[in-house]
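Novice: This is the structure I have questions about; it appears just below.
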Amino acid sequence: MNLAQVTAKRITPALERQWVLGAARFIVLICVCVVMAVLTRSDEYGFVFLNVGNLLNVVRNASILIIIGVGQTITLTAKDVDLSIGSVLSLTSVVAAIMLNRYGIAFPVAILAALLIGALLGLINGLLITYVGLPPFIATYGTLWVLFGFAYLILQGAVIYGFPAGFRVIGNGNLLGIPMPIIVMAVVFCLGYFVLYHTTLGRRFFATGANIETARMSGIKVERVVISAYVISGFLAALAGLVLIAYTNGAEARIGDRYLLPVMAVVVMGGTSLAGGQGNLVGTLVAALIMAVINNGMNILAVPAIWQSLVVGLLIIGSVLADQWLRRRA
């Protein structure tokens, strides 16, 4: 081995490690798809899972998780956690639904209002953490219950359904045969990837998460960085809520309740560290697809819900253990 090869090997170990871990996750995704394709094959319908319509449905179902997951990945990269994403999704979607259904407000205005509220709620979380001094877990967990309470108070147990056709395009529309939720997700993912890996703000997320005191001494205004992360998370949670209610054509106070733990799971499964300073958006994307594939396959096989929960739980534990093992080996 010549000097150039030795130097290159020393300079790029982190890059090689990320490639190994990323390749491992893609291999797992492919293997899961193959297994589901075989298990769901029938003599009458053939490869049910590999049907183009079903594959698009899988990605569409993963889109909500991925949109929220981009925001959660960014906050965890900055060494914070946002437990309020489900309640932000609920409250902003409820507000948009009321504006559309009860007051007949134009859907662009309702969408803008919901997104601004989501960003504002993220700002409040950031201020509670940076200037009030609350731990991220306590601040966002408290916000979770406050926002769910507001959503209940506004709706008073009612369910709002039946939205204008123009609004429903973002959930049920298609562009060149691709469902709009997938297109929205792809745009969010690309923008999130660019911000996290190719901007000064993204580098500051990593620096703050790795060592907040060192980042502060290097001149980074860490309070602004943390607040920015929560604003992005709140904005994306609101966007996910809009896509969700446009797809389901209904909104209720706990509509976002079921997304918090799955989002945390796919972000951690994707390789983003809970200790901060290490975000992996591609890993989040792949992990969300793996979970969506498994859920879809089990639905096709008519697996009882209790067994589905067991399988997903084992998958999460196994993925995290495998990821840790690969990190030690890579």
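Novice: Go through (1) in contact (Cβ under 8 Å) with a residue 40 or more places away in the chain; (2) part of a helix (DSSP H, G or I); (3) closer than 26 Å to Thr272 by Cβ for Asp80 and report which single condition fails.
Specialist: Unmet for Asp80, out of (1) in contact (Cβ under 8 Å) with a residue 40 or more places away in the chain; (2) part of a helix (DSSP H, G or I); (3) closer than 26 Å to Thr272 by Cβ: (2).
Novice: Right, next: Given the criterion crowded, with 20+ Cβ neighbours inside 10 Å, at pLDDT 90 or above and in contact with a strand residue (DSSP E or B) (Cβ under 7 Å, 6 or more places away or on another chain), identify the matching residue among Val184, Val94, Val88.
Specialist: Exactly one residue qualifies, and that residue is Val94.
Novice: Checking Gly104 against (1) in a helix (DSSP H, G or I); (2) more than 26 Å from Leu261 (Cβ to Cβ), only one condition comes out false. Which one?
Specialist: (1)
Novice: Just a yes or no: is a residue in region 238-248 more than 25 Å from Leu116 (Cα to Cα) and in contact (Cβ under 8 Å) with a residue 12 or more places away in the chain?
Specialist: First pass over region 238-248, keeping only residues more than 25 Å from Leu116 (Cα to Cα): none.
No, region 238-248 has no match at all.
Novice: Among the listed residues Leu21, Leu115, identify the single one that is at pLDDT 90 or above, outside any loop (DSSP other than H, G, I, E, B) and surrounded by 16 or more Cβ atoms within 10 Å (Cβ to Cβ).
Specialist: Among Leu21, Leu115, only Leu115 is at pLDDT 90 or above, outside any loop (DSSP other than H, G, I, E, B) and surrounded by 16 or more Cβ atoms within 10 Å (Cβ to Cβ).
Residue by residue, here is whether (1) within 21 Å of Pro108 (Cα to Cα); (2) in a helix (DSSP H, G or I) holds:
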| position | (1), (2) |
| --- | --- |
| Thr214 | no, yes |
| Ile220 | no, no |
| Val226 | no, yes |
| Tyr230 | no, yes |
| Ala237 | yes, yes |
| Ala246 | yes, yes |
| Ala253 | no, no |
| Leu261 | no, yes |
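Novice: Filter region 175-212 for residues that are within 29 Å of Leu242 (Cα to Cα) and in a loop (DSSP other than H, G, I, E, B) and give the result.
Specialist: Across region 175-212, the qualifying residues are Leu176, Gly177, Thr199.
Novice: So which of Val303, Val282, Val267 is in a helix (DSSP H, G or I) and either crowded, with 20+ Cβ neighbours inside 10 Å or modelled with pLDDT under 85 (or both)?
Specialist: Of the residues listed, the single one that is in a helix (DSSP H, G or I) and either crowded, with 20+ Cβ neighbours inside 10 Å or modelled with pLDDT under 85 (or both) is Val267.
Novice: Select from region 31-57 the residues that are within 22 Å of Gly177 (Cα to Cα) and not in a helix (DSSP H, G or I) and list them in ascending order.
Specialist: Phe47, Val48, Phe49, Leu50, Asn51 - these are the residues of region 31-57 that are within 22 Å of Gly177 (Cα to Cα) and not in a helix (DSSP H, G or I).
Novice: Among the residues of region 148-163, is any within 18 Å of the chain's Cα centre (by Cα) and either part of a loop (DSSP other than H, G, I, E, B) or buried (at least 19 other Cβ atoms within 10 Å of the Cβ) (or both)?
Specialist: The initial filter retains those residues of region 148-163 that are within 18 Å of the chain's Cα centre (by Cα), namely none.
No, because not a single residue in region 148-163 is within 18 Å of the chain's Cα centre (by Cα) and either part of a loop (DSSP other than H, G, I, E, B) or buried (at least 19 other Cβ atoms within 10 Å of the Cβ) (or both).
Novice: For the list (1) touching a helix residue (DSSP H, G or I) at 6+ places or on another chain (Cβ under 8 Å); (2) farther than 20 Å from Gly283 by Cα, I need the number of the one condition that Gly177 fails.
Specialist: (1)
The values are calculated or read from the model by the stated rules, or taken from the named source; none is laboratory data. Fair warning: this is a prediction, and the values are worked out from it, not measured in the lab. Neighbour counts run over all protein chains shown; Cβ positions are idealised from the backbone, glycine included.
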